[in-house]
Every structure is written in C-alpha cells, then in structure tokens.
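A quick write-up on the structure given underneath.
The values are calculated or read from the model by the stated rules, or taken from the named source; none is laboratory data. All figures in this text were calculated on a predicted structure; none of them were measured in a lab. Note that we place each Cβ from the backbone using ideal geometry, even for glycine, and neighbour counts take in every protein chain shown.
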Amino acid sequence: MDTANLISQLPDHIIHHILSFLSTPEVVRLSVLSKAWHRIFNSFPIFEFSSSSFAKTSDSSFEFIIFVYKSLLLQCHQYRSIPKFQFSFTQDRWRPYVYSKYLPSPCELDKLISRCIEIGTRKGVKELSIYFSITGYYRLPEAVLSVKELVVCSLGGCIFDGAINWPSLRELSLKEVQICDQRIINNLFFTCPLIEKFSLVECFGLKYLHLSGLRKLKKVKVKSGYPHMEKIEIDVVSLHTFSYSAHHYMKTDIDLTSCKNLEVFKFKGYNITEDMIQYLNRNFPALKVLVLHGERLHFQRIEISIPLLEKLNLIVAQISAVEAIINTPRLRSFKCVMHKIPSLFYLNSLQEVTLELFVDLNNIKHGESFLEDFREYLKNLNQIKLVTLSICVYSSSEIHKIVSSTASNPVLLDISHLKLETFTREKESHALVDGLFCICRPESLLLVSGCARNDEFIKNLCEKLVQIENAATYANCWQHHLKGVKIQHCGRKGYNKILTCEAFLDSLQTLEPKEKIRFLFEW
C-alpha cells in the first residue's frame, strides 16, 4: 500500500479541519507539495493573516500583502460570507520599507492594505481583528466603520475617528489606538447600544472617559497609557466587572458610584489608599471579587467589610499596616502577596488561602518572627481546605539560620501545599531541602521548571529522595517521617503522568520550561 499520500485522499472538509490546526505559512508551504495539495489550498478558507509569521526580508511587506489580497479575492468568489477576519501587520522600524522600481511605493502599499481590509470586511464579517505595529497610526477605511453585522471587534495601532455605525456590536477592544476626543466615544456608544464588553488599553488622546446609557454593558477594562487618563466615570447599572491598571505614580479619579450591581473590581496602581477601601465598602454591597494590586499601602489598619465578597487578592510591595480586619462572612478565597503578614480576623468561612511572601530571612530574629507570625495566623483560620505558601528563598543559609535558632522550640508550619521558587546556588540546594522539611511537612510541593534556579533544586531533591528510599538510616529527622513520595509531571500540552523519583530523575534532560512538577508526599 502506498502510504505516502493517504491524507490527500481524504475528503476536502476533513483535510480542511486538519489544516485548521496549522499556521497560515505552514498551510502555504503544503500547497507546493503537489497539484492535489495546491487544489486543496485554493479551497481552504484562510481568514487569519499575520505578517510576523512570514520571513523578515526587505520586501516581505509587499509579498505578505499580495498573498492576503489574492487569498481574499479567491475566497470572496467561493464563499457567500466571511464570518471572521484577522489582519495583523508589523513593520520593522529598524529596517523600513525599501522602495525600488520593482515594488510599489509606500503610498501604493497603503492603498493595497486598505483594499485588503475592505475585501475582508464587506461580506458579513462578524468577528474582526485589525492590528498595526508601524510608525504612526493607520487610518481605517470608511467601509470598516459601517459593518452592520459586526459583533466582536478588536483594533490596535489605528486612528479611531469618523462616523461609526456598528449596531450589532457586542464586544470592542481598543489597544494603542489614537482617539481624538470624548465625542468619538459618545458617538460610538450611541450607535452601538448593545455593547457588553469594552476594553481600552494604552490608548492616546483620551483624558476623560464617560460611559452612560448602556443597558447591556457588563465588563469594562481600562489600562492607562501616556498621557494618562485623568478621570473615569461610568453610570451603568448593569456593569458587572471593572478592571483598571496604570503605570507607576499615575493617579486616575474613578467614579463608579452608580454601578450598584458591580461584582468584580480589579485595581492595579501605585497607591492603595484608605479612602479607596472605604469607598468600596460603602458603595458596592454586591461585590464578590476584589483584587487590589499596588506598590504602596501606608496606613495602619486595613478594614474590608463587604457582605457578599467571596474572593480577595491583596498584592502590595511595600506595606506598613499592622492590622487587617476582613469582615466578609462569605469569603472563600484569600490571596496575600506582601513582605509582612498582618493580623487577620473574621475569616471563619475561609476555605482557601494562598500566601506569597517575600521575607528577608537573612536576619535570624526576622526569621523567627516570620515563623511565629505565620503559626499564629493559621490559628485564626478555621475550616481551611487549602493553604498554599509561596516563598522566595535566595540562600539555604537563610533557612538554616531559622532551623538552628528554633531548635530548642521547634516550629512546624501547618502547610498543606507549598509552592517554592528558589534562587539558590548549586552547592546550597541540598542544604535547602533539609532545612525546608524541618520547617514544614507539606502534602505537596510545586515547582515550575525553567524558573530561576528551580531546575537544579528539582534535580537535587529527586536525588535526595531516591537516596532516602534506598537507605536504611537517615541523617535528618524529617526523613524518619516520610513514608512515600510520587511525582506528578504536568506538561504544557496536556501531558500529565505520575512517576516514581527514579523514573522522573531519568527524564530530567527532556524537561521543558514552564512545566509543573508536583511532589506528592505521604508522611
């Protein structure tokens, strides 16, 4: 049996499904294999085009646009509609377009790009994505501004102006877009009354954002760029989720007082102020998810009192608060990322705790304080189902100091699940293993490959565990309590397998970055 060309003998719709998993350049390469593959390529619907996928040569811009133009012309003849069209064009700023008598001028190239976009959007497109990374901003053709069937739209690197008419639009995302003034936004939402999601990321020219009269609007995301946005005012009762982030030192006045049904509030900025927390407590009784991410939090007491709050993330680099009162009876998940553990109260219903602590363990007294504070912290939490502690360790000597200093009064942290990111040198990894298990006996230990020096720690941990399995005597106390261990290897592409330490040690050389390695301990 000739097995060399079995795929091309399949029905076209099955081959099209197979090709849909490949990138556009890969599909183009297949078209030169044979006449049969060229026929299949001509009938394959390509609606996603990205210049970054093509070779970076001096005339690659022209070749890419010609390819897009011919493909769209062919497909317009074959299909009654083009439901989804994606176009991404990136021009290397360090190697600009080179004009020659064999290539069109930059002006002619711009006209050809506009022609491609017009063709791609004229046949009932419902999902549209256009992104430009070029010097300056691209001005959209007039035809794009009046696509009545458009439901989802994502624009980047463009000038956003003109009379826009998208009556069916539900989702709009603008990234690095130049917006002339607030009137453009007013006109947009006047002609798009059904919009549900709106994203504004690092756009230029808009200092004041006002949204009102949108009965369907549920989600708003704003990331302030330069110059930063001075004020955001949203008067929409249906708003469900609001997300805001800004560069350091930027301050934006946010007014969501009318959004009484707000359930998710995410803030990332420089300062988390006491006024902000009081504003949230006072105005949003329906809030279920609260994420506060800031560089500084300089007040002595944090008090969060939101009756329906279920998830709280508090991420602060610099904190001086000594007390936190979390009066949230429905709280289920709490994530705390900071340098210091504040006192916590009223967390009786809490089921999941994630702590990412960046503690200076070089100081022995600080290390002792850290262990005692954390043990007292756990005593305040009842009915905990999951406790995850993520710590950054820079040296095994830091852990050794704490272990030595607490030898007379052992402190064993009750941690169910431990996530570790190490920065230790190769010679210190073995000592870190012993010190770590003298402090806690977790059910699982999670490390991510390719992160800092985790790979070296994973190797040394496996070697030590294999030695424990084969040894009759143990040098450290924690080894007496270990009954068994397995390793769960989670790959990036869905690979998930339980291995013994010896089997995993043999496969370490094939480990790829960002794979999750979870050690499952039985004590």
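Working only within segment 480-506, note down all residues that are in a loop (DSSP other than H, G, I, E, B) and either under 15 Å from Leu461 (Cβ atoms) or of a type in the set (Lys, Arg) (or both).
Result: Leu482, Lys483, Arg492, Lys493, Thr500.
Determine which member of the set Leu287, Leu297 is buried (at least 19 other Cβ atoms within 10 Å of the Cβ), farther than 25 Å from Leu200 by Cα and either of a type in the set (D, E, K, R) or in contact (Cβ under 8 Å) with a residue 24 or more places away in the chain (or both).
The unique qualifying residue is Leu297.
With the requirement that a residue be farther than 16 Å from Glu303 by Cβ and at pLDDT 80 or above, what does segment 322-342 give you?
Arg330, Arg332, Ser333, Lys335
State which residue is modelled with the highest pLDDT when the search covers only segment 476-485 and only residues that are surrounded by 15 or more Cβ atoms within 10 Å (Cβ to Cβ) and within 37 Å of the chain's Cα centre (by Cα).
Val485
Okay, residues lined up against (1) farther than 19 Å from Asp255 by Cα; (2) part of a helix (DSSP H, G or I):
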| site | (1), (2) |
| --- | --- |
| Gly162 | yes, no |
| Trp166 | yes, no |
| Leu174 | yes, no |
| Arg183 | yes, yes |
| Asn186 | no, yes |
| Ile195 | yes, no |
| Ser199 | no, no |
| His210 | no, no |
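Would you say Ser390 is surrounded by fewer than 18 Cβ atoms within 10 Å (Cβ to Cβ), modelled with pLDDT under 75 and more than 30 Å from Arg330 (Cβ to Cβ)?
no
Checking Leu200 against (1) under 26 Å from Val316 (Cβ atoms); (2) more than 26 Å from the chain's Cα centre (by Cα), which single condition isn't satisfied?
Just one mismatch for Leu200, condition (2).
Residue check, Thr473 against (1) under 18 Å from Phe521 (Cβ atoms); (2) modelled with pLDDT under 80; (3) outside any helix (DSSP H, G or I), all met but one. Which one?
Answer for Thr473: the failing condition is (1).
Of these, Leu290, Leu214, Leu239, which one is part of a loop (DSSP other than H, G, I, E, B) and modelled with pLDDT of 95 or more?
Only one candidate passes the filter, namely Leu239.
Filter segment 293-312 down to residues that are in a loop (DSSP other than H, G, I, E, B) and not hydroxyl-bearing (Ser, Thr, Tyr) and give me whichever is modelled with the lowest pLDDT.
His298
Find all pairs meeting these conditions: Cβ atoms under 8 angstrom apart; at least six residues apart or on different chains; first residue within segment 246-258 and outside any loop (DSSP other than H, G, I, E, B); second residue among the aliphatic types (A, V, I, L, M) and modelled with pLDDT of 90 or more.
Asp253/Ile232; Ile254/Ile232; Asp255/Ile232; Asp255/Ile234
Name the pairs: first residue in segment 107-122 and over 15 Å from Leu74 (Cα atoms), second residue in a helix (DSSP H, G or I), Cβ to Cβ under 7 Å, at least 6 apart or on different chains?
Leu109/Ser61; Leu109/Phe62; Leu109/Ile65; Leu112/Ile65; Leu112/Tyr69; Ile113/Ile65
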